[in-house]
Amino acid sequence: MSVQLSVQGLCKRFGGVVASDDVSFDLKSEEHLAVIGPNGAGKSTLFKMIGGQLRPDAGQIRFDGHDITKAGPRAVWRSGLGQTFQITATFSSFTVRENVQIALMSLNRQTRNLWAAAHELHRDEAQALIDAVGIGDFAERSCGVLAYGDLKRVELAIALASRPRLLMMDEPTAGMAPAERRALMDLVTKMARREGMGILFTEHDMDIVFGHADRVLVLDQGCIVAQGSPDAVRADAKVQEIYLGTGGMADERV
């Protein structure tokens with residue numbers, strides 16, 4: 001498999017806090033790579049730099065051979081790198097279908113006439129995406145009345161609207177019950193395998209990490225301290241010391 005995402009020497013500081021310190025790794029096409037680490041390890045900062053929400057102080061990010069280091073979120077999204085976030089971001093007063101339609105309209109550069117066109121454009125394609133993530137019956141419901149687990153599925157449908165070749169998911173199962181977590185990640189993995197799509201994800205549930213990742217990368221204080229197969233990382237003494245033995249992971253803000 002060829003390298004799809006290449007991250008080389010990424011550094012990011014916030015005053016005296018080093019959030020990323022010379023982070024480098026490659027993700028191959030169709031590979032599922034989990035990034036784990038304790039609270040404050042730098043996972044969200046790394047994802048924001050790759051996604052275009054933060055500009056790195058140093059280093060380079062290449063996706064499908066193109067330099068996206070200085071690209072903004074919209075350009076990254078259009079390049080074929082889809083994203084979901086720790087906190088769901090949907091239009092709560094719009095229906096599930098309308099939220100996905102808006103994503104499709106944005107992809108096709110049709111948002112200037114948003115209010116007039118939203119009900120008519122890409123309805124069938126939006127419905128197909130909603131069906132694919134398992135909430136087809138909720139198409140006409142407002143996102144504001146959905147359970148959190150269902151909102152996560154809406155966000156997944158929105159991310160898939162860009163037809164991504166790589167899906168980046170920051171804490172995809174945060175706030176979900178254990179059964180919901182497994183169901184969502186089983187769905188994502190099945191869809192990704194079928195479509196030949198790579199996945200880069202962070203996750204606090206180690207059962208999800210070791211059950212769905214081909215490879216695991218471990219961050220601590222902004223640095224990579226281990227990477228390899230799930231079994232190799234699980235057996236790594238340093239990983240056990242700094243992370244797996246903590247009994248869980250709080251949501252990260254750095």
Looking at the range 163-174, which of the residues that are assigned to a loop (DSSP other than H, G, I, E, B) and out of contact with any Lys or Arg (no Cβ under 6 Å at 6 or more places or on another chain) is surrounded by the most Cβ atoms within 10 Å (Cβ to Cβ)?
Pro172
For the range 38-79, what are the residues that are of a type in the set (Phe, Trp, Tyr) and in a helix (DSSP H, G or I)?
Phe47, Trp77
Being in contact with a strand residue (DSSP E or B) (Cβ under 9 Å, 6 or more places away or on another chain) and surrounded by fewer than 16 Cβ atoms within 10 Å (Cβ to Cβ) is the filter here, so list the residues in the range 206-229 that pass it.
Asp214, Cys223, Gly228, Ser229
Filter the range 4-34 down to the residues that are β-branched (Val, Ile, Thr) and touching a residue at least 60 places away in the same chain (Cβ under 8 Å), then identify the one that is surrounded by the most Cβ atoms within 10 Å (Cβ to Cβ).
Val23
Could you list, in sequence order, all residues of the range 135-162 that are surrounded by fewer than 19 Cβ atoms within 10 Å (Cβ to Cβ), modelled with pLDDT of 90 or more and not in a helix (DSSP H, G or I)?
Ala139, Glu140, Arg141, Ser142
Filter result for Ala116 (at pLDDT 90 or above and over 15 Å from Ser93 (Cα atoms))
no
Failed item in (1) in the same structural domain as Leu33 (by TED's automatic domain parsing); (2) modelled with pLDDT under 90; (3) more than 22 Å from Leu81 (Cα to Cα), with Ala174 passing the rest
(3)
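The values are calculated or read from the model by the stated rules, or taken from the named source; none is laboratory data. Note that the structure is a prediction, hence the values are computed from the model and not measured. Heads up, the Cβs are rebuilt from the backbone with ideal geometry, glycines too, and the neighbour counts pull from every protein chain shown.
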